[in-house]
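One structure is given here, and the rest of the page talks about it.
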Amino acid sequence: MEMKYPHSGLRLPSLLTEEEKWLFDLNGFLIKKNAVNKEKINDIVSLSLDWLENPEKVSKPVTVRKLNDNGGQIVWPQYGNKLYEELVQAPEIMRVVLGLMFNRPRLFHYDLILSVKKKEDDRALVMMHKDHSGFEFPPGMKNPHNDYQVSDGNLYCSFLNVAFSLQDDPEGTGFGCVPGSHKSNIKCPTSITAESSDSNLRSFDMEAGDAIIFSSGLMHTSIPWNQYHPRMTVFARFQFRKYFNENPSGGLPVEDYKDQISEIQYDLESMGTEEILLAENFK
């Protein structure tokens, strides 16, 4: 039965299934297999590799960067091609994001990261981390930018990450996390790294087209890439659109280039108190 909380305008419960609620609350993440069809993924891979190899083909505000010897980055790719709009708006992903944010998510950062095989002589320790909004609150205090709550069968996460796999990411490399750590209030000791036997780090067998949706409060890391093909991952970061505005100057949406994205995409990137336009597709 659909309920409305007085004066809030929020329709509850959310779009999440009971299984999804249980798994997200337990682990802090959900894996969606085949979230995007392989043909579209192949088109995005071809486009992205072309941009990375020929940055002169890219027009503002899309930005291509080299990441030392580790690969490259494409920032704000949705302003360069509609394929990236379709990726972040994938229905099975957007349904979960809407369900965790009362139908009010805001996309505040969006990029592609390409990583190459780790060098044999690279002995750097792999540290784990939780995301924050540029300011870490003192121990024992709750950061509203990284809030996670459960009440009366409803979940709310104020900061969500979505990682889309564009290439196969075998277990033991790529994304790794500590399940359940989104509810931990104890800071991870610096003595525990991704390589530690007691880190509880878990990785997954991700295929091209799969995606993982996770709380920013989840302890996670990028396990050094050990495959001969490059790792290609698109990261979409969302915050609750009613309150939070990361990078207010020079962030999304890029007003000077808003004619290069659709009305729905512009709305998804904007501040506001109302439901995003995409929510209409799930009622």
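Does segment 25-65 hold any residues that are without any contact (Cβ under 8 Å) to a residue 60 or more places away in the chain and either touching a Cys at 6+ places or on another chain (Cβ under 9 Å) or not in a helix (DSSP H, G or I) (or both), and which are they? 54, 58, 59, 62, 63, 64, 65, listed by residue number. From the list 109, 129, the one residue that fits, being out of contact with any strand residue (DSSP E or B) (no Cβ under 6 Å at 6 or more places or on another chain) and surrounded by fewer than 21 Cβ atoms within 10 Å (Cβ to Cβ), is 129.
Looking across segment 123-175, the residues that are under 29 Å from residue 224 (Cβ atoms), small (Gly, Ala, Ser) and not in a loop (DSSP other than H, G, I, E, B) come down to 163, 165, 174. The criterion of being touching an Asp or Glu at 6+ places or on another chain (Cβ under 9 Å), in contact (Cβ under 8 Å) with a residue 60 or more places away in the chain, at negative phi and not polar (S, T, N, Q) holds for residue 207.
Yes/no matrix, rows are residues, columns are (1) modelled with pLDDT of 95 or more; (2) within 23 Å of residue 62 (Cα to Cα):
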position	(1), (2)
163	yes, yes
174	no, no
189	no, no
210	yes, no
257	yes, yes
263	yes, yes
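Annotation note: Cβ proximity below 8 Å between a residue of segment 66-88 that is within 18 Å of residue 265 (Cα to Cα) and a residue that is charged (D, E, K, R) and assigned to a helix (DSSP H, G or I) (sequence gap 6+ or interchain) occurs for 78/85; 83/40; 83/43; 86/40; 87/40.
Yes or no, residue by residue, for (1) exposed (fewer than 14 other Cβ atoms within 10 Å of the Cβ); (2) among the β-branched types (Val, Ile, Thr); (3) under 22 Å from residue 41 (Cα atoms); (4) out of contact with any Ser or Thr (no Cβ under 8 Å at 6 or more places or on another chain):
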{"site": "201", "(1), (2), (3), (4)": "no, no, no, no"}
{"site": "207", "(1), (2), (3), (4)": "no, no, yes, no"}
{"site": "215", "(1), (2), (3), (4)": "no, no, no, yes"}
{"site": "240", "(1), (2), (3), (4)": "no, no, no, no"}
{"site": "264", "(1), (2), (3), (4)": "no, yes, yes, yes"}
{"site": "269", "(1), (2), (3), (4)": "no, no, no, yes"}
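Name every residue in segment 247-257 that is in a loop (DSSP other than H, G, I, E, B), loosely packed, with under 15 Cβ neighbours inside 10 Å and without any contact (Cβ under 8 Å) to a residue 24 or more places away in the chain, in order of residue number. Break it down stepwise before answering.
Within segment 247-257, the subset in a loop (DSSP other than H, G, I, E, B) is 247-254.
Those left that are additionally loosely packed, with under 15 Cβ neighbours inside 10 Å: 247-251.
Answer for segment 247-257, where residues must be in a loop (DSSP other than H, G, I, E, B), loosely packed, with under 15 Cβ neighbours inside 10 Å and without any contact (Cβ under 8 Å) to a residue 24 or more places away in the chain: 248, 249, 250.
Whenever a residue of segment 258-278 is assigned to a helix (DSSP H, G or I), its partners that are surrounded by 15 or more Cβ atoms within 10 Å (Cβ to Cβ) and basic (Lys, Arg), lying with C-beta atoms within less than 8 angstrom and at least six residues away or across chains, give the pairs 266/258; 268/106. Quick check, is residue 81 over 30 Å from residue 19 (Cα atoms), modelled with pLDDT of 95 or more and either crowded, with 20+ Cβ neighbours inside 10 Å or out of contact with any helix residue (DSSP H, G or I) (no Cβ under 9 Å at 6 or more places or on another chain) (or both)? No. Scan segment 209-227 for residues that are part of a loop (DSSP other than H, G, I, E, B) and among the aliphatic types (A, V, I, L, M) and the total you get is 2. You will find that of 238, 244, the residue that is under 16 Å from residue 156 (Cα atoms) and either basic (Lys, Arg) or in a strand (DSSP E or B) (or both) is 238 and no other.
The values are calculated or read from the model by the stated rules, or taken from the named source; none is laboratory data. What you see is a predicted model; the values in this text were computed from it and never measured. Because the Cβ atoms are built from the backbone with ideal geometry, glycine has one as well, and the counts that use them run over all protein chains shown.
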